[in-house]
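Here's the structure we're looking at; comments come further down.
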Amino acid sequence: MENSEKTEVVLLACGSFNPITNMHLRLFELAKDYMNGTGKYRVIRGIISPVGDAYKKKGLIPAHHRVVMAELATQNSSWVGVDSWESLQKEWTETAKVLRHHQEKLEAGGCDRQQDSPVLERPGRKRKWAEQRSEVSQKKSPEPRTKGVPKVKLLCGADILESFGVPNLWKSEDIAKIVGDYGIICITRVGNDAEKFIYESDVLWKHRPNIHLVNEWITNDISSTKIRRALRRGQSVRYLVPDLVWEYIEKHNLYSSESEERNVGVVLAPLQRNTADTNSNTTA
């Protein structure tokens, strides 16, 4: 009976979502199929957590808009939703702390109490979502028993995995916490040699059983950077982002040459903080 038990998993994607694209949504589907296919896990929920404005990334539009677009993108999903906690923090919050926040919520029994966005209300959505889950559970055969509290795992692309090697972008202890305490589900793209990067990193190699690499066989090279570039040039991005997101961008004229200049010359928050910490430790 022990072997028939599955670990419930919550997929957490942190990032700018500037804007959210169809590729971001595909990551969740790819990861869910892979994890469920192992026979060891059962994905029960996906969370999109947009970074706050204090991240100070070049071209980062206000979190208010990015949260709304993520909400619009996921409003028809029965299992992926948006959590605004990270976006509402006054200071940039490390990914390890965001993972801890959501794991603690699960341990407190808040698995199904999804935080509502303060900027977009859709009456009846929760009830509809609950009804959909109920209908699906009635149609399916009983699932094997699950083991304990659901586990939060970081969902990301190979670019995030490779960014671990950028000096001062991540604290080494945070990388160890992310891969050691939680785990990563990494969707690889053509041209990314994630296995080689894991091999060349001592901390990633040590925790490699906790890193799940998922091949994206149906290639999709959509990125937020390319979306913003097209919009700056007055080109259509329809069918690259969800329709409701495209309409929202058009309505609010969100991306332009002017918006891309936001935070120009400003040091990215993690680089600023981690460099300062490194310097203080050196001089201490």
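The values are calculated or read from the model by the stated rules, or taken from the named source; none is laboratory data. As the structure is a prediction and not an experimental result, all values here were calculated from the model. Methodologically, a virtual Cβ is constructed for each residue, glycine included, from the backbone with ideal geometry; neighbour enumeration extends over all protein chains shown. Keep in mind that these areas ignore ligands, DNA and RNA; they rest on the heavy atoms of the full protein, side chains included. Shrake-Rupley method; radii C 1.70, N 1.55, O 1.52, S 1.80 Å.
For the reader, a short list of remarks on this structure follows.
- The single condition among (1) in contact with a strand residue (DSSP E or B) (Cβ under 8 Å, 6 or more places away or on another chain); (2) closer than 27 Å to residue 210 by Cα; (3) open to solvent by 10 Å² or more (accessible area, probe 1.4 Å) that residue 109 does not satisfy is (1).
- Residue count for the range 87-100, restricted to those that are part of a helix (DSSP H, G or I) and either farther than 22 Å from residue 272 by Cβ or of a type in the set (Lys, Arg) (or both): 2
- Looking only at the range 29-41, and only at residues there that are of a type outside the set (Val, Ile, Thr) and either within 17 Å of residue 159 (Cβ to Cβ) or in a loop (DSSP other than H, G, I, E, B) (or both), the one that is least open to solvent (accessible area, probe 1.4 Å): 31
- Of all the criteria given as (1) open to solvent by 10 Å² or more (accessible area, probe 1.4 Å); (2) touching a helix residue (DSSP H, G or I) at 6+ places or on another chain (Cβ under 8 Å); (3) touching a residue at least 24 places away in the same chain (Cβ under 8 Å), the one not satisfied by residue 12 is (1).
- Condition check for residue 246: assigned to a loop (DSSP other than H, G, I, E, B) and either modelled with pLDDT of 95 or more or of a type outside the set (A, V, I, L, M) (or both): no
- Condition check for residue 44: under 28 Å from residue 239 (Cα atoms), assigned to a strand (DSSP E or B), without any contact (Cβ under 8 Å) to a residue 40 or more places away in the chain and within 17 Å of the chain's Cα centre (by Cα): no
- Test for residue 49: is it of a type in the set (S, T, N, Q), in a loop (DSSP other than H, G, I, E, B) and either buried (at least 21 other Cβ atoms within 10 Å of the Cβ) or in contact (Cβ under 8 Å) with a residue 40 or more places away in the chain (or both): no
- Residue check, residue 63 closer than 30 Å to residue 252 by Cα and crowded, with 21+ Cβ neighbours inside 10 Å: yes
- Residue list for the range 184-212, filter: of a type outside the set (Phe, Trp, Tyr) and more than 23 Å from residue 97 (Cα to Cα): 188, 189, 190, 191, 192, 193, 194, 195, 196, 200
- Number of the exception - residue 91 against (1) within 19 Å of residue 51 (Cβ to Cβ); (2) at pLDDT 95 or above; (3) buried (at least 17 other Cβ atoms within 10 Å of the Cβ): (3)
- Qualifying residue in the range 163-171 (condition: more than 19 Å from residue 6 (Cα to Cα), surrounded by fewer than 16 Cβ atoms within 10 Å (Cβ to Cβ), modelled with pLDDT of 55 or more and within 17 Å of the chain's Cα centre (by Cα)): yes
- Restricting the range 199-257 to residues that are under 18 Å from the mean Cα position of the chain (by Cα) and over 21 Å from residue 17 (Cβ atoms), the residue that is surrounded by the most Cβ atoms within 10 Å (Cβ to Cβ) is 211.
- Yes/no for residue 181 being open to solvent by 80 Å² or more (accessible area, probe 1.4 Å) and closer than 17 Å to residue 100 by Cα: yes
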